[in-house]
Amino acid sequence: MVRALLVYPDSGRGARKNTMKSFSLTRRIIAIVVTCQLLLAVGLILVAVIYGRSELKGAFDATLEGKAMSALALLQYTEPKPHVLLFDSTLLPPPSDPAHQDQYAIWSSDGQLIARSSGWESVPPALAQGDQRYADFTLAGAPYRAVSLRNVSVLDKEGVEDNGKSPAKVTLIYASSLVGNHLRLTQLAALVGATSILLLLVTSAFAVWSVRRGLAPLRELAAQANTISVRNWNFSAPPGDSLATELSPFVHAIEAVLARLKESFRQQRDFTNDAAHELKTSVAIVKSTLQSLLHRPRTQQEYETELEDLLEDCARLEDLLGRMLRLARIEQLAENGVPLKPATTELTSTCEAALSRIRMVAEERNIVLEFESPPAVYLLADPEDLELIWLNLLENAVQYSPEGSTVTLRVRQNGGAMVEVSVVDSGPGIPPAELPHIFERFHRGDPSRARSTGGFGLGLAICKALVDAYSGTIEAVNLPGQGTQMRVQLPAESN
């Protein structure tokens, strides 16, 4: 049995227990199918009864008129003159229901009664007074239907041919019991109903089997998904020829989610390992420095030199912890869905502030910093976040550019809703295999240069987290020949 879960998320902040209501998908589908078939069976019975009633009524009326004409034919003139109309009831056709005799009455054109059946006195008088051709009434608790032949000519013409007169006009009302007709209609309804119920049972059983068989791949997918864990990421979907078309998007979604989860676990594991390695390296350096100070007596100048180196290592450790905490804060805000609440910021001023902070490092490497920007560009962002993005990009550009080269910070407003900020260096470029990973935490294309450049591999990860938080994009592009361009696009302030 395949079961589904309806989860109603709590709109309040914080971790709260979700309300879940379970139901059987198989039972629901079967119930819908059986209900539709039941409605179809009921509709079929109604149509069959209505159509059968119409046909039986038409056949009964035709038979009733035939009996009335037979009765009219039994009205004949006597042979000796004067000719008198007589009715021979012994030749009447037998009734359709022996338990309920046919009823009839014949009147002449002047209203004189010529003949009637023995039970006619119980017939409602209104039947003879009306002008309708057919009429239904009840006689002794049994339903009857009557046909009226008014002002019809007598069929026997021998008695009037000698006198050259036209045949006499009479009114004849003939009624037969509807009990047999109703019985046949009931039998038809019972037959159609029994057949429909039998078909309903057969089709319902087939529907149950088909639904269970059709949902078998879903149960198999659920079983496969239940085996997934941090130690087992294998998900074997059924072959394409045995997989329902409706389940293909579900399978692709599971595979995509698994791929993202696996990558997230890998990044988390790598982050933990790299963070532990960086912290261990920094602590080991501080510990080694302290041990060397205690190893032998030193002069005051030697102590001061070692302590200055120790302060530099502590500053490096503090910088690492600050970057990690800032990255964790940004990602936590993004995961919790807490939007940033920035104010309007002039972009050019944040670029100039980042350039002034990196200028001393650039001058030590004899690198020229260039800045190209429109007069004023405004964004909805925190100026400290923007300055941190440009500073990290400029640090990377300066570190990987050769001495005597140029690093350019360029701002462009393309007239649309986005502003592009790019940093172009003159370095060796980024290997194509490294491009998809440069924004990962602690990723460095050349780990051997980490200590010499002072990088931790967190700068670009922080940049991407901040850019994503402001609904922007960031990418790295290798320029033809030599150099790398880091492009950042952020939404401009709407006027």
*In the stretch 20-61, how many are closer than 15 Å to residue 184 by Cβ and either without any contact (Cβ under 8 Å) to a residue 60 or more places away in the chain or not small (Gly, Ala, Ser) (or both)?*
12
*Cβ pairs under 6 Å, 6+ apart, first in the stretch 348-374 and more than 14 Å from residue 386 (Cβ to Cβ) and open to solvent by 70 Å² or more (accessible area, probe 1.4 Å), second modelled with pLDDT under 90 and among the hydrophobic types (A, V, I, L, M, F, W, C)*: none
*Which number in (1) at pLDDT 85 or above; (2) within 42 Å of the chain's Cα centre (by Cα) marks the one condition that residue 174 misses?*
(2)
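Each row is one residue, and each column tells you yes or no for (1) surrounded by 14 or more Cβ atoms within 10 Å (Cβ to Cβ); (2) at pLDDT 70 or above; (3) part of a helix (DSSP H, G or I).
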{"site": "278", "(1), (2), (3)": "yes, no, yes"}
{"site": "294", "(1), (2), (3)": "no, yes, yes"}
{"site": "318", "(1), (2), (3)": "no, yes, yes"}
{"site": "323", "(1), (2), (3)": "yes, no, yes"}
{"site": "345", "(1), (2), (3)": "yes, yes, no"}
*Of everything in the stretch 105-140 that's assigned to a strand (DSSP E or B), of a type outside the set (Gly, Ala, Ser) and in contact (Cβ under 8 Å) with a residue 40 or more places away in the chain, which residue is least open to solvent (accessible area, probe 1.4 Å)?*
106
*asked:* Whether any residue in the stretch 123-136 is in contact with a Pro (Cβ under 7 Å, 6 or more places away or on another chain) and among the aromatic types (Phe, Trp, Tyr) is what I want to check.
replied: no
_Members of the stretch 153-166 that are of a type in the set (Val, Ile, Thr) and either assigned to a loop (DSSP other than H, G, I, E, B) or modelled with pLDDT of 90 or more (or both)_ = 154
*asked:* Test of understanding: among 338, 398, 424, 407, which residue is open to solvent by 20 Å² or more (accessible area, probe 1.4 Å) and at pLDDT 90 or above?
replied: 424
*Could you list, in sequence order, all residues of the stretch 303-316 that are open to solvent by less than 70 Å² (accessible area, probe 1.4 Å) and more than 30 Å from residue 462 (Cα to Cα)?*
305, 306
*Pick from 149, 198: which is modelled with pLDDT of 90 or more, of a type in the set (A, V, I, L, M), open to solvent by 30 Å² or more (accessible area, probe 1.4 Å) and not in a loop (DSSP other than H, G, I, E, B)?*
198
*Can you tell me which residue among 102, 97 is closer than 22 Å to residue 150 by Cα, open to solvent by less than 40 Å² (accessible area, probe 1.4 Å), charged (D, E, K, R) and in contact (Cβ under 8 Å) with a residue 24 or more places away in the chain?*
102
*asked:* Can you find, within the stretch 252-267, the residue that is nearest to residue 436 (Cα to Cα) among those that are in contact (Cβ under 8 Å) with a residue 24 or more places away in the chain and open to solvent by less than 70 Å² (accessible area, probe 1.4 Å)?
replied: 267
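The values are calculated or read from the model by the stated rules, or taken from the named source; none is laboratory data. Please read these numbers as outputs of a predicted model, since none were measured by experiment. When we count neighbours, we look across all protein chains shown, and the Cβ atoms used for this are built from the backbone with ideal geometry, even at glycine. Ligands, DNA and RNA are stripped out before the accessible areas are found, and what is left, the full protein with its side chains, is counted by its heavy atoms. Shrake-Rupley method; radii C 1.70, N 1.55, O 1.52, S 1.80 Å.
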